Amino acid sequence: MDKYKYIKTIGDGSYGVVSKALIKGTRDFVAIKKLKQGIHSWNECSELPEVSILRKLNHANIIRLREVLHEDDDVYLVFDYMECSLIDFMERSPSSHPLIISFIRQAIEGLAYLHQSGYMHRDVKPENILISNDICKIGDFGCAKKTGCPKNTDRITTLWYRAPEILLRSSIYSSAIDMFAMGCIIAEIYYGRPLFPGSSEDDQLERITYLLGFPNNWKDGLSLAKKCGYHFKEYPGMLLNDFLQAPRQAIRLMEFLLRWDPKERYTAVQALQHPFLSENAPGRRKLNLFPDQSRSAERVNNFSLIASPKARRLF
């Protein structure tokens, strides 16, 4: 840990404290996450999703885990530093910003790689889409899991971005849950506020039903609802362009992502082939994304760096 110079604490979440640090002798910054849970062995550490999964991934739009350090029962994860999150960018920039389509595309490129590698993120939200200059990366893999693993939990994904099958307590789901969340994020970019800001799981389902309409053709969903005692209200549904000021092709892409039935949702690869992303993505350009003033950067990477010469590098 002595090769890092502590700059400031930038976040304190339920799983860890995050700090911004400088690599001594360079001008390069990193984000260091000190995990709150006690880790007693390398085996325990290597089983953490953020470690086990990120060690296997290598993509321009996936946050890079640079190294893992272990001291006593404390584990420190060292990541590339990102200036802000998409939520911060959205709060300060209009939906017409020249980079917004590029950021959407890059996020979906990251998801496409993740899904093709056999994993689902399970917590896609604006806070976990990280930005530096013109580069966008998917971050926070604390909930990530291998696709097809048994014993899936329904207590994942932030409520506002949670797919219907998760809300209905299905233990069988796929990477399609990430794509529903991505549809919510694209809508939020153009709506200027969360699309489904529910206060509970039932309220969340009602908000989704109000927009998408009663899920007549989603037999699995109706069975799940019956099993968990939820009764869909028979709303007729709405058109996204009734309230979203977004490009026509953006609306069409959202319609393919915000589907009741996960089998009917666009995959990340299909989304990348949609005209909104394949034809309209602008060229990348460097921009000052206000790293020092960023409000949500304080919660971007979730990380407290405690410099100590006793820290031992694990890989």
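A few notes on this one:
- Residue, nearest to Ile63 (Cα to Cα), within the range 1-35, restricted to residues that are in contact with a Ser or Thr (Cβ under 9 Å, 6 or more places away or on another chain) and assigned to a loop (DSSP other than H, G, I, E, B): Met1
- Flag for Ser95 being surrounded by 18 or more Cβ atoms within 10 Å (Cβ to Cβ), hydroxyl-bearing (Ser, Thr, Tyr) and out of contact with any Ser or Thr (no Cβ under 7 Å at 6 or more places or on another chain): yes
For (1) basic (Lys, Arg); (2) touching a Lys or Arg at 6+ places or on another chain (Cβ under 8 Å), each residue gets a yes or a no:
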site: Glu91; (1), (2): no, yes
site: Ser96; (1), (2): no, no
site: Leu130; (1), (2): no, yes
site: Asn133; (1), (2): no, yes
site: Lys145; (1), (2): yes, yes
site: Leu159; (1), (2): no, no
site: Ser171; (1), (2): no, yes
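- Matching option when the condition is assigned to a loop (DSSP other than H, G, I, E, B) and among the charged types (D, E, K, R), among Arg193, Arg207: Arg193
- Test: Gln37 is at pLDDT 90 or above, polar (S, T, N, Q) and surrounded by fewer than 21 Cβ atoms within 10 Å (Cβ to Cβ): no
- Once the range 47-65 is narrowed to residues that are part of a helix (DSSP H, G or I) and touching a strand residue (DSSP E or B) at 6+ places or on another chain (Cβ under 7 Å), the residue that is nearest to Val18 (Cα to Cα) is Glu50.
- Selection within the range 77-120 - in contact with a helix residue (DSSP H, G or I) (Cβ under 6 Å, 6 or more places away or on another chain), closer than 25 Å to Ser175 by Cα and part of a strand (DSSP E or B): Ser85, Met120
- Against the list (1) among the polar types (S, T, N, Q); (2) surrounded by fewer than 20 Cβ atoms within 10 Å (Cβ to Cβ); (3) touching a helix residue (DSSP H, G or I) at 6+ places or on another chain (Cβ under 8 Å), the condition Gln204 fails is (2).
- Condition met for Ser46 (at pLDDT 95 or above and of a type in the set (S, T, N, Q)): no
- Residue match in the range 3-22 (condition: closer than 16 Å to Phe141 by Cβ and either assigned by the TED database to the domain that holds Met182 or surrounded by 22 or more Cβ atoms within 10 Å (Cβ to Cβ) (or both)): yes
- Among residues of the range 84-121, those that are charged (D, E, K, R) and at pLDDT below 95, counted: 3
- Residue selected from the range 128-148 under the condition farther than 13 Å from Ile63 by Cβ and not polar (S, T, N, Q), by the criterion surrounded by the most Cβ atoms within 10 Å (Cβ to Cβ): Cys143
- Scanning the range 163-191 for residues that are out of contact with any helix residue (DSSP H, G or I) (no Cβ under 8 Å at 6 or more places or on another chain) and modelled with pLDDT of 95 or more gives a single hit, Tyr191.
- Some residue of the range 152-172 being within 13 Å of the chain's Cα centre (by Cα) and more than 22 Å from Tyr190 (Cα to Cα): yes
- So Thr153, is it modelled with pLDDT under 95, of a type in the set (Ser, Thr, Tyr), surrounded by 21 or more Cβ atoms within 10 Å (Cβ to Cβ) and assigned by the TED database to the domain that holds Leu258: no
- Extreme residue, farthest from Tyr190 (Cα to Cα), among residues of the range 121-150 that are part of a loop (DSSP other than H, G, I, E, B) and aliphatic (A, V, I, L, M): Ala144
- Condition broken by Ile129, with the remaining ones in (1) of a type in the set (A, V, I, L, M); (2) out of contact with any Phe, Trp or Tyr (no Cβ under 8 Å at 6 or more places or on another chain); (3) within 27 Å of Phe29 (Cβ to Cβ) satisfied: (2)
- Test for Gln245: is it polar (S, T, N, Q), surrounded by 15 or more Cβ atoms within 10 Å (Cβ to Cβ) and assigned by the TED database to the domain that holds Tyr173: no
The values are calculated or read from the model by the stated rules, or taken from the named source; none is laboratory data. Keep in mind it's a predicted model, so treat the numbers as computed, not measured. Neighbour counts are summed over all protein chains in view; Cβ atoms, including those assigned to glycine, are modelled from backbone coordinates with ideal geometry.
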